[in-house]
Amino acid sequence: TANTTYTLQSGSVSSPIACSNSLSGSATVAVRPLIAATISATSPICSGDSSVVTITGTPGAIIEVTGPTNESVPLNASGVGSFTTPIFTAPPTTVTYTLVSGSVTSPIACSNTVSGSFTITVVSAPIPGTPTAIHVCDVNNDGIATFDMTPAIAQAQAGNSGWVVTFYATLPDA
């Protein structure tokens with residue numbers, strides 16, 4: 001399982017008579033470990049965005065990845081490679097990329113299967129409800145009126161109480 005150097009010392013024959021001779025030279029057997037890889041990505045992402053998928057593993061390897069797009073990802077000398085996914089829109093709400101195999105060509109060509117996957121969650125943008133108009137009276141004609149936005153916030157949240165709703169006086173202020 002480790003690199004080993006074998007040294008030639010002697011050669012012999014036993015027939016028709018026993019003879020031997022000293023030899024010189026050596027041969028090194030290099031053992032290449034299996035290619036390894038892990039996968040990760042930016043997740044969750046909003047619908048209409050892309051994600052960066054990162055592969056970490058054996059430096060110099062090329063890792064084959066399947067998913068919505070099939071990718072051949074070269075790993076640099078630090079063992080890291082990446083690619084940017086296409087833009088995803090929800091649905092679907094998840095997309096999965098799966099490691100398939102890895103290969104190297106130096107010092108010898110080797111390949112093996114690798115396993116692992118990463119699921120990217122695609123989140124739909126919220127669709128707010130439309131608040132009804134608020135009508136108030138300026139009781140002292142000073143251009144200022146007090147009013148409660150609580151009902152408008154609840155209508156904009158459209159039943160999604162976890163949403164944060166912010167109102168602005170004008171679009172440029174947003």
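Miscellaneous remarks
- Failed condition for Ala61, given (1) within 17 Å of Ser106 (Cα to Cα); (2) exposed (fewer than 10 other Cβ atoms within 10 Å of the Cβ): (2)
- Checked against (1) under 30 Å from Ala125 (Cβ atoms); (2) of a type outside the set (D, E, K, R); (3) at pLDDT 90 or above, Leu34 passes all but a single condition, namely (1).
- Complete set of residues in the range 22-37 that are open to solvent by 100 Å² or more (accessible area, probe 1.4 Å) and more than 30 Å from Thr58 (Cβ to Cβ): Ser24
- Applying the criterion of being under 30 Å from Val100 (Cβ atoms) and of a type in the set (Ser, Thr, Tyr) to the residues of the range 6-52, the residue that is farthest from the chain's Cα centre (by Cα) is Ser47.
- So Ala77, is it within 16 Å of Ile108 (Cα to Cα) and free of Cβ contacts under 8 Å to residues at least 24 places away in the same chain: no
- First in the range 110-127 and closer than 30 Å to Ala158 by Cβ and among the acidic types (Asp, Glu), second anywhere and at pLDDT 95 or above and open to solvent by 60 Å² or more (accessible area, probe 1.4 Å), Cβ under 7 Å, 6 or more apart: none
- Scope the range 1-21; condition open to solvent by 90 Å² or more (accessible area, probe 1.4 Å), over 30 Å from Ser111 (Cα atoms) and in contact (Cβ under 8 Å) with a residue 12 or more places away in the chain; matching residues: Leu8, Gln9
- The set of residues from the range 148-172 being farther than 24 Å from Ala90 by Cα, modelled with pLDDT under 90 and exposed (fewer than 11 other Cβ atoms within 10 Å of the Cβ) comprises Asp148, Thr150, Thr166, Tyr168, Ala169, Thr170, Leu171.
- Within the range 53-67, considering residues that are in contact (Cβ under 8 Å) with a residue 24 or more places away in the chain and in a loop (DSSP other than H, G, I, E, B), the one nearest to Pro126 (Cα to Cα): Gly67
The values are calculated or read from the model by the stated rules, or taken from the named source; none is laboratory data. The structure presented is a predicted model; accordingly, all values stated were derived computationally and were not measured. Virtual Cβ from ideal backbone geometry, glycine too; neighbours counted across all protein chains shown. Ligands, DNA and RNA are excluded from the accessible area calculation, which covers all protein heavy atoms including side chains. Shrake-Rupley method; radii C 1.70, N 1.55, O 1.52, S 1.80 Å.
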